[in-house]
């Protein structure tokens, strides 16, 4: 037992994980491990099941069947212990636009029970880390997409999580901001030994930062390994080519949910109202 | 408990930052107050019932509380849409504390709105029977507000998006208001209406406010307190339970 443990220090273990919505299996019998301290990239076309997997790992969604362990705790049962051990940057916005950057951080610090004595220093440290300290007093609704993302990363790291989940953290950002964000992430991983679990559509980014990669398609994992291994196995020059070999070239369509429609409507409305 | 406080604080900050919401939420009650109060006043007086404004103001205050607290509960859908709900749901905090913090925040705002309507009505000629009863009025405003915030939360936990919102507005909030005795006395109503008003929790909120502000109750403070307290507690538990089942 002890020997097996030291051999594979897996901070995330997933076995036969399945999530069904009525008859449709969004995640279908998925198994993988993430080692402590590594950067793990979860890749796949739209609607492949990436976000659904993250939601199950982060206690937002209950699995239909299968097992998960996050730093030794089960997200489906020991939710509080699991919630303490990770930080997350969601695919879409999750800040309170009416609050200032500092207030968003402060809210997070309080609900994650960061002791009062260190709260302020910790918030300052993280806001400086993402270069938003000067803008701490501004309401988030006046921030650009890149600034919001950086604030979300700072917030996700505030309570010193062991694992950081990043669901497409660079979606819709310009190359400058993308680079800055990846620098931050690599830096964190190296110096704080934070395990990073990320999804992205940009294969070149995954190739650059990830130690290990898993490709998911139609809810199933079709390939796992280091970026090097996947390229070698498919005889590809880039990870993108390898990705296309595994997932084919058909374009996927994601069904819009009621929520998406509403989000669109609200965007139209706010634009018309001029903010 | 600090989580409850920070959620309460967030509701208040959001509220006081959106000036349009403050003004918007006051428009409807003031319209009712002036149109009905002065419109029906003469008839009410001729029927020998006294000053209609005196009678109406507690009802309009209850209406303000009903609307504001139901909206606060339903605001969860809003948070879901803008993503902030996920931030609270991944946090290592009891779902009941989240719900409690939100509800207390909503109740505080509702009471504040009720007091603004009350202050304006003083200019419209409303006279308080006994100012010493003011704390009693606040207690009942709080009970009414908690009850309807919990109801709003329960409903919002079951809804995916705003599609069903109009339905709730037309088939729940408006009937609750109109069939509560906010606009008319509960004595001598036809049979069916008597029963409907009896099963409407807002009736007891309106009644208690009337008792505290103009010294006339239909059910009596004790009954009002018991009904609001018990049904409010039950709804808080139902709301908390449904909210704890929310997945995003």
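The values are calculated or read from the model by the stated rules, or taken from the named source; none is laboratory data. This structure is a prediction, so every number in the text was calculated from the model and none was measured. Here Cβ is always computed from backbone atoms with ideal geometry, including for glycine, and neighbour counts include all displayed protein chains.
A few notes on this one:
- Within the stretch B:1-27, considering residues that are surrounded by fewer than 14 Cβ atoms within 10 Å (Cβ to Cβ) and away from chain A (no Cβ under 11 Å), the one nearest to residue A:104 (Cα to Cα): B:19
- Those residues of the stretch A:202-236 which are out of contact with any helix residue (DSSP H, G or I) (no Cβ under 7 Å at 6 or more places or on another chain), assigned to a loop (DSSP other than H, G, I, E, B) and more than 21 Å from residue A:163 (Cα to Cα), in sequence order: A:202, A:218, A:219, A:235
- Residues of the stretch B:70-81 classified as facing chain A (nearest Cβ under 8 Å) and either modelled with pLDDT of 85 or more or in contact with a strand residue (DSSP E or B) (Cβ under 8 Å, 6 or more places away or on another chain) (or both), total: 1
- Residue match in the stretch A:213-224 (condition: surrounded by fewer than 19 Cβ atoms within 10 Å (Cβ to Cβ), under 15 Å from the mean Cα position of the chain (by Cα) and touching a residue at least 24 places away in the same chain (Cβ under 8 Å)): no
- Top-ranked residue in the stretch B:166-183 [being touching a helix residue (DSSP H, G or I) at 6+ places or on another chain (Cβ under 7 Å) and over 14 Å from residue B:28 (Cβ atoms); ranked as nearest to the other protein chains (Cβ to nearest Cβ)]: B:168
- Scan of the stretch A:131-141 for residues that are away from chain B (no Cβ under 13 Å) and either assigned to a helix (DSSP H, G or I) or under 22 Å from residue A:85 (Cβ atoms) (or both), ordered by number: A:133, A:134, A:135
- Taken as a whole, the condition of being within 14 Å of chain A (Cβ to nearest Cβ) and either under 16 Å from the mean Cα position of the chain (by Cα) or part of a helix (DSSP H, G or I) (or both) applies to residue B:88.
- Among the residues listed as B:129, B:160, the single one being closer than 27 Å to residue B:246 by Cα and not in a helix (DSSP H, G or I): B:160
- Among residues of the stretch B:1-13 that are free of Cβ contacts under 8 Å to residues at least 12 places away in the same chain, those with a beta-carbon under 9 Å from a residue that is surrounded by fewer than 20 Cβ atoms within 10 Å (Cβ to Cβ) and assigned to a loop (DSSP other than H, G, I, E, B) at least six positions away or on a different chain give the pairs B:2/A:113; B:13/A:98.
Residue by residue, here is whether (1) in contact with a helix residue (DSSP H, G or I) (Cβ under 7 Å, 6 or more places away or on another chain); (2) over 18 Å from residue A:95 (Cα atoms); (3) surrounded by 22 or more Cβ atoms within 10 Å (Cβ to Cβ) holds:
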| site | (1), (2), (3) |
| --- | --- |
| B:62 | yes, yes, yes |
| B:65 | yes, yes, yes |
| B:79 | yes, no, no |
| B:88 | yes, no, yes |
| B:113 | yes, yes, yes |
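- Within the span defined as the stretch A:69-86, one or more residues are at pLDDT 95 or above, assigned to a strand (DSSP E or B), crowded, with 22+ Cβ neighbours inside 10 Å and touching a strand residue (DSSP E or B) at 6+ places or on another chain (Cβ under 9 Å).
- Test result for residue B:145, buried (at least 23 other Cβ atoms within 10 Å of the Cβ) and within 14 Å of chain A (Cβ to nearest Cβ): no
- Comparison of B:152, B:125, B:105 shows that the only residue that is more than 14 Å from chain A (Cβ to nearest Cβ), in contact (Cβ under 8 Å) with a residue 60 or more places away in the chain and within 21 Å of residue A:96 (Cβ to Cβ) is B:152.
- When residues of the stretch B:181-197 are limited to those that are under 17 Å from the mean Cα position of the chain (by Cα) and on the phi < 0 side of the Ramachandran plot, the one surrounded by the fewest Cβ atoms within 10 Å (Cβ to Cβ): B:183
- Any hit, the stretch A:90-98, residues being more than 8 Å from every other protein chain (Cβ to nearest Cβ) and outside any loop (DSSP other than H, G, I, E, B): no
- For the stretch B:184-210, filtered to residues that are in a helix (DSSP H, G or I) and out of contact with any helix residue (DSSP H, G or I) (no Cβ under 9 Å at 6 or more places or on another chain), the residue that is farthest from residue B:71 (Cα to Cα) is B:191.
- Of residues in the stretch A:105-130 being surrounded by 15 or more Cβ atoms within 10 Å (Cβ to Cβ) and either touching a strand residue (DSSP E or B) at 6+ places or on another chain (Cβ under 7 Å) or over 15 Å from residue B:3 (Cβ atoms) (or both), the one nearest to the other protein chains (Cβ to nearest Cβ): A:105
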